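Quick notes on the structure that follows.
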Amino acid sequence: KPHIHLQIQISLFGDDDRLIVAKDVTRLYQLEQMRRDFVGNVSHEMRTPLTVISGYLETLVDNADDLPPKWRRAINTMSSQASRMEALITDLILLSKIETGEQTVHDTLTAVDTMIEQICHDARALSGEQKHEFTVDVTDHRLLRGDESQLRSAFSNLIFNAVKYTPAGGHITVTWNTNREGAHLSVKDTGIGIDPVHIPRLTERFYRADPSRHKDTGGTGLGLAIVKHVLLNHDGNLEIRSEIGDGSEFICHFPRERLVERVPEKEA
Ligand code: ADP
């Protein structure tokens, strides 16, 4: 079915005069759709050959002990760069699925409290010797209606970013609470912080506040774009508060309607 997409702008003049301008943005919308499909398809097509290359590289790495150091270094570098590319392709595919709505938002009930605990457990492993201090503060045990795997990607990205952008020994606080307006997941760190001029653009694909730093963090540059689209799919939004040197706070807001009471387990 052909759809027409209109952009409507209403201006008010005086008490009752209105100017309504409707603009046909169908073509723009179609081009955007083509771009998404193209990125999705290219990523898919690149995944298979890359899996083959990574497989062989892994075998080479495992058997590299007897090789001259120069070769060993080359093989290790190729292997780690292939892993980076795999992470990038995985994120590109995920993002294009989330954006096109191909991965529809399943109405599963997500236990955010236990999900945060699990992600923080993995984040502690990522932190390793850097020994970040984690505080998890959950004041609501209701469930969130939405797509569990999308929510997990979003929350993991925020919590892992907190580890990546906070120097050793820093503090990371994850809070899940609710008030009149809705439910809020906050990830707060005592890390390097972000210059506020960058904040409005951070959720753009590949946008980085400090491009010179991104190589050693191993990120794909797509994390916050994924977070933004997951929240859009859940009628939520992302708030970012940060100052250079003062750390950052990323808050996911969800509407109240998405909270569901936990049904007590029936006794057998
Ligand atoms: P990346 O893979 O580069 O981490 P993201 O999309 O996850 O990509 O984040 C985009 C940019 O936002 C990062 O490159 C970094 O500059 C900034 N950023 C994200 N999270 C934090 C944080 N907790 N502290 C400081 N900067 C951050």
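Every read-out reported here was derived from the displayed coordinates using simple, explicitly stated rules and does not represent laboratory data. Being a predicted model, the structure only gives us computed values, none of them experimental. Reconstructed Cβ throughout: ideal geometry from the backbone, glycine too, with neighbour counts over all protein chains shown.
Listing for the model above:
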{"quantity": "Formal net charge of residues neighbouring H141 (Cβ-Cβ distance under 13 Å; K, R +1; D, E -1)", "calculated": "-3"}
{"quantity": "Projected-area average for the chain over all orientations - Cα convex hull basis, square nanometres", "calculated": "22.5 nm²"}
{"quantity": "The stretch 1-160 shape via C-alpha gyration tensor axes, a/c threshold 1.5", "calculated": "oblate"}
{"quantity": "Relative contact order, percent, the chain [alpha-carbon distance under 8 Å, six or more residues apart]", "calculated": "16 percent"}
{"quantity": "Value of [θ]222 nm, deg cm²/dmol, for the chain, DSSP H segments ≥ 4, -39500 (n - 2.57) each, nearest 500", "calculated": "-15000 deg cm²/dmol"}
{"quantity": "Length-normalised contact order for the stretch 1-47 - Cα pairs under 8 Å, 6+ apart - percent", "calculated": "31 percent"}
{"quantity": "Highest average packing first - 11-21, 223-233, 111-121, Cβ atoms within 10 Å", "calculated": "223-233, 111-121, 11-21"}
{"quantity": "Phi-based couplings in Hz for the stretch 128-136 (Karplus 6.51, -1.76, 1.60; Gly and Pro marked x)", "calculated": "x, 5, 6, 6, 5, 9, 10, 10, 10"}
{"quantity": "Using θ = phi - 60° and Karplus 6.51 cos²θ - 1.76 cosθ + 1.60, couplings along the stretch 59-76 (whole Hz; Gly, Pro as x)", "calculated": "4, 5, 4, 5, 10, 8, 4, 8, 7, x, x, 4, 5, 4, 4, 4, 5, 4"}
{"quantity": "Which of I194, H132, T108, positive extreme of dipole for the chain (C-beta unit charges)", "calculated": "I194"}
{"quantity": "Other-chain or far-sequence residues with amide H under 5 Å of T110's (modelled H)", "calculated": "L144, R145, G146"}
{"quantity": "At most 15 other Cβ within 10 Å, DSSP loop - GluC sites (Glu not before Pro), the stretch 121-204", "calculated": "E181, E204"}
{"quantity": "Built amide H within the under 5 Å cut-off of H5, gap 5+", "calculated": "V25, T26"}
{"quantity": "Placed amide H near F134: partners under 5 Å, 5+ positions off or other chain", "calculated": "I172"}
{"quantity": "Using θ = phi - 60° and Karplus 6.51 cos²θ - 1.76 cosθ + 1.60, couplings along the stretch 222-227 (whole Hz; Gly, Pro as x)", "calculated": "10, x, 6, 5, 5, 4"}
{"quantity": "Global geometry of the stretch 94-179, whether rounded, prolate or oblate, following the gyration tensor of its Cα atoms and the 1.5 cut on a/c", "calculated": "oblate"}
